[in-house]
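What follows is a short report on a single structure.
The values are calculated or read from the model by the stated rules, or taken from the named source; none is laboratory data. Predicted model, so just to flag it, every value in this text is computed and none were measured. Because the Cβ atoms are built from the backbone with ideal geometry, glycine has one as well, and the counts that use them run over all protein chains shown.
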Amino acid sequence: MNLFSCGTVIETERLLLRRWSMQDMPGFLLFAADPEIMMAAGSKPVLSPEEARAELRRASEDPYAFAITLKSTGEIVGKIKYQNDVGRYQVNGVSIGYELARRYWHCGYMTEALRGMVRHAFDVMRVDVVGIRHFVGNERSRRVIERAGFVFEGVVPQAFRRFDGKVFDDASYSILREEYETGHVSASRRTL
């Protein structure tokens, strides 16, 4: 991944995506301690203050992890991050992962944050492809990903073993630079 300034803030109409700090614990716990949210993302929910501090520290030290905050109030609504795209080899690309606190579902915040991350990846990081995945059956994530403009690539069977041993198939999506720049998806990609 291309590096960018640790002070990077990504701005959208209603949101600021900013770096985490250790003072963000109350907002962090809104999603990180929620089993439904974290299990759907493939992560273990934090169960103790020690686990919470360790996970928040990890997020605060990751230059690619952002707190999703409301511009109007500064409230933290979720987390979004760039990560290596394990489905692509030696390609100038990133993948995006996210979690959104339950009380902020159905407000369009995650779609907006995801679009901001895509824009930043292409315009600032200068990647050639942005990928994203969700577990097959996670319809909330599917809808967010499709609304953000990602193109379905297919299903990767037995793609992810969660911490509890359960294995999931992944639905895989991407946006190519040409699609981002032109706003058009090629006919061959539409028929996958």
In region 62-101, residue nearest to GLY27 (Cα to Cα) [restricted to those that are of a type in the set (D, E, K, R) and either in a loop (DSSP other than H, G, I, E, B) or modelled with pLDDT under 95 (or both)]: GLU75
State yes or no: is ASP169 over 27 Å from ARG19 (Cα atoms), charged (D, E, K, R) and modelled with pLDDT of 95 or more? yes
Restricting attention to region 39-67, which residues are closer than 11 Å to GLU99 by Cα and either touching a residue at least 60 places away in the same chain (Cβ under 8 Å) or surrounded by fewer than 18 Cβ atoms within 10 Å (Cβ to Cβ) (or both)? MET39, ALA40, GLY42, SER43
VAL155 fails exactly one of (1) more than 28 Å from GLY27 (Cα to Cα); (2) of a type in the set (A, V, I, L, M, F, W, C); (3) surrounded by 13 or more Cβ atoms within 10 Å (Cβ to Cβ), namely (3)
Residue count, region 3-30, condition modelled with pLDDT of 95 or more and aromatic (Phe, Trp, Tyr), comes to 2
Does region 111-170 hold any residues that are over 17 Å from LYS81 (Cα atoms), in contact (Cβ under 8 Å) with a residue 40 or more places away in the chain and of a type in the set (A, V, I, L, M, F, W, C), and which are they? PHE135, VAL151, PHE152, VAL156, PHE160, PHE163, PHE168
